[in-house]
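The values are calculated or read from the model by the stated rules, or taken from the named source; none is laboratory data. Computed from a prediction, not measured in an experiment: that's the story for all the values here. Cβ coordinates were reconstructed from backbone atoms using ideal geometry, including for glycine residues, and neighbour counts include every protein chain displayed.
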Amino acid sequence: MAIVLEAFLRRLTASFEEFVNSDACLMLGVREDAQKLLKTMLRIYEIGIIGERNQLKHPQIDLWISELKDAVYDIDDLVDICVIEGGKILLEDHPTPSPKCSFKILSCFKCAKYRHEIVYKIREINNRLKELEEASLSAIAADLLGSASPSKGTPVNFEDFGLDLGDLPVGRQIEKAANGLVQSMLKGSKKKVELFGVVGMAAIGKTTLARMVYNDVIIQENFPIRIWVSAKNLSERDLLKEIIKGAGGDPGEESATKEELVASLGSSLTKRFLVVLDDVYKPGIWETLLKVPLGDGVARGRVLIISRDVNVMKEMNTTIHQVERMDAIDGFELLCTEIFGYFDEDEIGLLKEVGVKIVEKCEGLPIAIKAVGGMLRTKERSEAEWEKVLERDSWSSLYQLPEEIPAALYVSYEDLPAYLKQCFLYCSLYPEDYPINRFHLIRHWIAEGLVTVPNGDAISIEDYAEECYQELIGRNMLQISPHNCHYCLIPHGVLRTLARFLITDESVFLEGGQRLIVTLLKPKRLALSNVEKNSLDDPISMKQQRCLRTILLINSPNVRLIDEVLLQTATSLRILDLSNTGIETLPPSIANLTHLRYLNLDRTKITDLSTLIGYLINLQTLSLRDCQSLHKLPKTINLLYELRCLCLKGTAITHAPKGIRNLTKLNHFDGFVLGDATDKTEGCTLDELHSLSELRYLHMENLERVKETKSGSFPLKNKASLRDVYLCWQPHEPVPVEEENQAEGEQEGENSVLVQKDKPVKKPVRDWRELSPSPSVEKLVLKHYPEQEFPTWLMTSNLPTSLLNLVYLDLFVCPSCTQIPPLGLLPQLKLLRISGADSIKTIGPEFLSTDTSSSTTLPAFEKLESLSIKQMASLEEWTFGSTETTPEIFPNLRSLEIINCPKLKSLPKGLGTAATSLRSLHIESAHSLTEIRNFPHLTNDLVIKDNKGLLRLSDLGSLKSLTIDDCQKLKHVNNLTALQRLSLVYPPSTETFYFEELIIFWSIEFPRWLSNMMRQHYVGPNATHNLKRFELTCSLPLLKSCMDGGKNWQAVQQIPEVRATTCDGKAYLWYSKNRRIYETNVGSDE
């Protein structure tokens, strides 16, 4: 049931009713028959919904539901055909071009023929629906009819619940088990590599527990190399490759042998490591594959194995942790944390009795408790409402679910509104643990018609689909990928099993060249993973292909050809995703796919996009990202009037074809390459953007081709929906200001007649008014901006109104600009990045405001949270101006980084006291900076790296973590009383400097400031004892001086946790005072 009849029929009925009332229907001469079909659809609507809801309890209605869905899909195709053919007739009668129906050149048949065929199809479907209506009385018991009404609803805003998607609750029982496992793994051991196992039944929380261990701060600190690999379905070679890549190594050629990979693995693990192997079901993975390379490496480590089979653990001789079901108390606490974000027994005491009963029905399984919690979060927080959930019949065993699926998951699924059910089910097309791209997923939903905007809502379909996505996340039916927030996955295999069970009548997932062997008569969706052949031909029979609406190719880079017959047959396709394959060309039969809404060719080897692309008149998304062999687009792309999303970034195309202005529904344009202004026959100009009024995302390239105009044309200014804008020029070599001035001055002198040089023609500064963005823009990026002055619209005092909503600004590589804009005026700015502005020497009060004459500074950057200043080769001074008091600047700044500004002499006076929310400061390669002082509010971390002139750090009274990397001249570090973690990196050059300072090369001592700091923390009655952790990366001699009996051991042994490694990672020292651990791989005689 990839479609849910309630949602799909509601959308389809509305679409068909719109057609019935249209001129196209009248011109086709089918209105009478269409009205009859519409009435039948309305009658059968509620019957179908009730039947589908009771399908699991009454399997005898399966066939009836299946036949109804087939008819519904046929109606969906019929609506497309009716709109297309009706539009052709309207065009003949009214030849004025209309984007909705301007496809006369696409007509392959006479309209009279289509009138006859459409009437026949309408009557045939109507008769089928009537037969199904009559059969419903026997197929669906009378007592079911009228027993339930269709659910309605719109997406819930989970921000209202205070849900923090980055810190999801797991339950105290799992937290306690994770902490115990962490402590066990950190204990000293004689074994070089020690194995630990997490074992338990499906959905019990094994992976959650292991993930907590893996992400534990102490584990991260103690194991610099951490690798997570899902061992399921991986060959031995692939498993070795994944571990090597996780360790930062190179697995080599694709054809590398197992023996070569084993050798590479051993050499890749140069530091203490943790390897997590998830979903292990064979004991041989350790004994015959990993034991030798992991044991023979230079570093010690731990291996954490996750399995359902305790016998696998025993055979591998692991230290086993058995994950148990949650008890009712811990389960109730987890449930409440999911719903309320906290657990306060006094506040929620009235709900405890019914809440514990709900938890008991979840059978102690965390995934079930979390799913039910996500559901209850959308309900009224009352005992009566929770009782209703408890009394639902979907808990009943009458629902014939597979044994491994807890009833609680089905209850949570059943509570989803119909439109969310089909969105969730669609996600099960992807392999287990496969990261699903959010951008493309929501466009898949749209292309399949799974989401539609409710009547009256002034919101785009993409925004509505995004709300659906966020609600599935909030209900714990989807999970944000832990590796990339732009991807998601189904959070557990059992939940995915449920989804697969519910779509078995419609969707097929085949892996590794399988053929469909089940008797699925009319599959609607086909996902193929790891296809090894170079041709995609016949994974299913031709008869089955006719019904396909979706084809996805996943992890199949070898596929280079698409069989002509496949696309000739699968004419109902809505989605064709061939991304990341070796496809070089599309077959001519692509023209048959008039229903196609979504075509993804990202990162393929396609060289030519056929002119036949113009036949895809319903196409909404065309994605060609990173198709590096594609140099030109056909002009027929301008016939795709329904196109909403066009992605061209990363291709080799020289220009977008003239006529893009016709794509008036386009709202996402990624990679708009402007044409050459000198060639008026080829390529787009900026003026073509005027008609694209629905644009929300725009990435433009080759802006240097834009011809300057005085006409006052501002194609971006009035686009009320525009949110993200990228303005990109081609990189260029700027003329340094000093050289330009010098050239201008070489006009006089006694030898001027003999050696006079041609005076360079100074290029007039262009204001780029034509690129002035809309006030609606929230994200703005300027890349390789070529002028000496920023655009006038960025230098104006009107910024508070002209860029009212700007949240993110990135000025990336603007090498000729000499003055920074007054960005402090931007009222909503939260993230600011400035890099590569090599001609800027001073950042002064003009950075804060256009009014630089006042001695007092107005509030500036009131909402800025992150500021990054990078690659500013000429920047010497940064000041707030001559203010008498601490200015009201950066009150919400949390993160500041200054990188590769070698001439910067100092930080602004008053910055440290003004930035009261500052948590993180990173300063790197600022070689002229001599001191960092007076940052009383800086709390979390300070990172200073490769600052060759830095002498002093002081007055950082709240700082908890300090990293010093290669700061050769640092001599004074004072007033860091709250410091808890200190990390020092001494490359050989730094140590040589200290050696020279100490004169005696063999006397390896810590610098004086470090010795003083340690005494401050650990010696005397006023010792703070705050310093808990010391990390050192250095040469072997310095490391040895920290060992027991070495020159620095007396200082080192007072610190609770010490980690020291050599720069090459081959030698280490691990000391834990509280856990009585002293471990090193360095002998005293080395």
Any hit, the stretch 343-361, residues being modelled with pLDDT under 85, loosely packed, with under 15 Cβ neighbours inside 10 Å, aromatic (Phe, Trp, Tyr) and not assigned by TED's automatic domain parsing to the domain that holds Gly284: no
Looking only at the stretch 197-252, and only at residues there that are among the hydroxyl-bearing types (Ser, Thr, Tyr) and surrounded by fewer than 19 Cβ atoms within 10 Å (Cβ to Cβ), the one that is modelled with the highest pLDDT: Ser230
Residue tally, condition charged (D, E, K, R) and either surrounded by 22 or more Cβ atoms within 10 Å (Cβ to Cβ) or in contact with a His (Cβ under 8 Å, 6 or more places away or on another chain) (or both), over the stretch 575-613: 2
Only one of Val354, Val359 that is touching an Asp or Glu at 6+ places or on another chain (Cβ under 6 Å) and farther than 30 Å from Ala231 by Cβ: Val354
Scope the stretch 53-69; condition assigned to a helix (DSSP H, G or I), farther than 13 Å from Ile503 by Cβ and among the charged types (D, E, K, R); matching residues: Arg53, Asp62, Glu67
Failed condition for His1025, given (1) surrounded by fewer than 19 Cβ atoms within 10 Å (Cβ to Cβ); (2) more than 21 Å from Lys971 (Cα to Cα); (3) in contact (Cβ under 8 Å) with a residue 12 or more places away in the chain: (3)
Residue in the stretch 240-256 that is assigned by TED's automatic domain parsing to the domain that holds Glu315 and over 31 Å from the mean Cα position of the chain (by Cα) present: yes
Meets criteria (part of a helix (DSSP H, G or I), modelled with pLDDT of 80 or more, of a type in the set (Phe, Trp, Tyr) and over 17 Å from Ser572 (Cβ atoms)) for Phe8: no
Hey, Val781 touching a strand residue (DSSP E or B) at 6+ places or on another chain (Cβ under 6 Å), at pLDDT 95 or above, part of a loop (DSSP other than H, G, I, E, B) and under 30 Å from Tyr808 (Cβ atoms) or not: no
Residues satisfying the stated conditions in the stretch 346-362, i.e. charged (D, E, K, R) and touching a helix residue (DSSP H, G or I) at 6+ places or on another chain (Cβ under 7 Å): Lys352, Lys357, Glu360, Lys361
One residue from Leu1010, Leu942, Leu951 being at pLDDT 90 or above and crowded, with 17+ Cβ neighbours inside 10 Å: Leu942
The one condition in (1) buried (at least 23 other Cβ atoms within 10 Å of the Cβ); (2) out of contact with any strand residue (DSSP E or B) (no Cβ under 8 Å at 6 or more places or on another chain) that Asn484 fails to fulfil: (1)
Pair list, Cβ < 6 Å and 6+ apart or interchain, from the stretch 858-877 residues that are over 17 Å from Leu825 (Cα atoms) to residues that are aliphatic (A, V, I, L, M): Ile869/Ile834; Ile869/Ile898; Lys870/Ile899; Met872/Ala837; Leu875/Ile840; Leu875/Leu904
Out of Ile889, Ile964, sole residue that is surrounded by 21 or more Cβ atoms within 10 Å (Cβ to Cβ), more than 23 Å from Trp1009 (Cα to Cα) and either aliphatic (A, V, I, L, M) or without any contact (Cβ under 8 Å) to a residue 60 or more places away in the chain (or both): Ile889
Residues located in the stretch 264-286, provided they are farther than 27 Å from Ile204 by Cα and at pLDDT below 85: Gly266, Ser267, Ser268, Leu269, Thr270, Lys271, Arg272
Some residue of the stretch 649-663 being buried (at least 22 other Cβ atoms within 10 Å of the Cβ), modelled with pLDDT of 95 or more, assigned to a loop (DSSP other than H, G, I, E, B) and among the hydrophobic types (A, V, I, L, M, F, W, C): yes
Residue, farthest from Ala328 (Cα to Cα), within the stretch 355-403, restricted to residues that are in a loop (DSSP other than H, G, I, E, B) and polar (S, T, N, Q): Gln400
Qualifying residue in the stretch 834-845 (condition: touching a Ser or Thr at 6+ places or on another chain (Cβ under 9 Å), in a loop (DSSP other than H, G, I, E, B), surrounded by fewer than 18 Cβ atoms within 10 Å (Cβ to Cβ) and modelled with pLDDT of 95 or more): yes
Tally, over the stretch 243-258, of residues that are of a type outside the set (A, V, I, L, M, F, W, C), closer than 14 Å to Leu294 by Cβ and in a helix (DSSP H, G or I): 1
Test: residue in the stretch 295-306 that is without any contact (Cβ under 8 Å) to a residue 60 or more places away in the chain, outside any strand (DSSP E or B) and in the same structural domain as Ala202 (by TED's automatic domain parsing): yes
Index of the failed condition, Pro435 passing every other in (1) touching a strand residue (DSSP E or B) at 6+ places or on another chain (Cβ under 6 Å); (2) crowded, with 17+ Cβ neighbours inside 10 Å: (2)
